[in-house]
Amino acid sequence: MLTYDRYVVASSLVEAFDILDAQPASRILAGATDILPWARYGRAGDVHLNSVIDVSKVPELTYIRQSGNSLSFGSMTSIADFQNNPILRKHAPVLAQCAVWFADDQIREQATVGGNVVNASPAGDSQPALLALNASVKLIRREGGKLLERTIPLTEFIQGPGKTTLASKELVLGFECDSMLSGGSAFEKVGHRRSLVISTVCLAVVAMAAPDKSSLSDIRIGIGAVGPVPKRLLNLEKALIGKEITGELIHQVAEEASDFVQSRSRQEYRKEVLVNFVERGIVSAINQSGIKLARFGEEQLYA
């Protein structure tokens, strides 16, 4: 059973920090979709919290903005917003593709991107997609009566299963990432069951074509659920940018992805799935980007 002494719904950042100062051992809640699994996981008895601070009504954490080649959205942005918000759908379609695989309709409406990232689960679905968008995490704290912000790349924010660089009495304000307008994208996921599936392998790809559509000017490949932290496959990306895209090249690059599987369970399965996901994800993303695929042998790649 999960119990607590005090439940407070903060109406502003100032109020949230007031409560944190008075109750430094407080548990922060956003969508609260993971609080019961957190309380049960690895614990034989009851879990009691001194206080719970619900930040779902804090307006400073709820925003979605686009300016030039940049996107920003608050930590209270829901997974359903990934699918439904027109700005995100236009400039970061990989987030909508990710959301389709995320739990079910009810949980997507409640779950937040801030909570999903702070939980730092190795199987967190949003993380590979955010990595593919070069996401950074905006953090906020109060010192000497002043609100201070800092920004850290997502690659540095998540340090291990359930571990982040979030400091004591610090909140996730939101996220900043790249717009991928006119680019292609893909999202792949597989798990142990059909419904409400937890990832066994998870992958996101975004790609931008060069102006002449003959090669890639940019490609990002993010993976999750195959190691303790999500990762970008930087070496594989470099092998594709500016090159003539052929089926042979994509296959060679995809084969190298198996080296990134670090999970101790089902390693061979994960390696095989990840290689296939990388190959399929790259093909899907570059097809959407409008690249003119090079011919090899008698056939054009996945024409």
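Brief remarks follow.
- Qualifying residue in region 73-85 (condition: at negative phi, of a type in the set (Gly, Ala, Ser) and touching a residue at least 60 places away in the same chain (Cβ under 8 Å)): yes
- In region 264-291, residue surrounded by the most Cβ atoms within 10 Å (Cβ to Cβ) [restricted to those that are farther than 22 Å from VAL206 by Cβ and touching a residue at least 40 places away in the same chain (Cβ under 8 Å)]: ARG270
- In region 157-187, the qualifying residues are those that are touching a helix residue (DSSP H, G or I) at 6+ places or on another chain (Cβ under 6 Å) and surrounded by fewer than 23 Cβ atoms within 10 Å (Cβ to Cβ), and the one that is farthest from TRP38 (Cα to Cα) is LEU181.
- For ALA120, the test of being small (Gly, Ala, Ser), in contact with a helix residue (DSSP H, G or I) (Cβ under 9 Å, 6 or more places away or on another chain) and either more than 17 Å from VAL190 (Cβ to Cβ) or touching a residue at least 40 places away in the same chain (Cβ under 8 Å) (or both) is passed.
- Here LYS163 passes the criteria (1) of a type in the set (D, E, K, R); (2) closer than 29 Å to ARG266 by Cα; (3) without any contact (Cβ under 8 Å) to a residue 12 or more places away in the chain except the one numbered (3).
- Only residues that are closer than 18 Å to VAL261 by Cα and of a type in the set (Gly, Ala, Ser) were counted in region 110-127, giving 4.
- Meeting the requirement of 2 or more residues that are surrounded by fewer than 16 Cβ atoms within 10 Å (Cβ to Cβ), the strands (runs of 3 or more DSSP E) wholly within region 1-104 are 2-9, 47-54, 64-67.
- Residue within region 207-221 that is over 30 Å from ALA25 (Cβ atoms) and in contact with a Phe, Trp or Tyr (Cβ under 7 Å, 6 or more places away or on another chain) present: no
- Qualifying residue in region 136-159 (condition: closer than 30 Å to ARG266 by Cβ and without any contact (Cβ under 8 Å) to a residue 24 or more places away in the chain): yes
No value in this document is a laboratory result; all are computed from the given coordinates. The structure presented is a predicted model; accordingly, all values stated were derived computationally and were not measured. Glycine also receives a Cβ, built like all others from the backbone with ideal geometry; neighbour counts cover every protein chain displayed.
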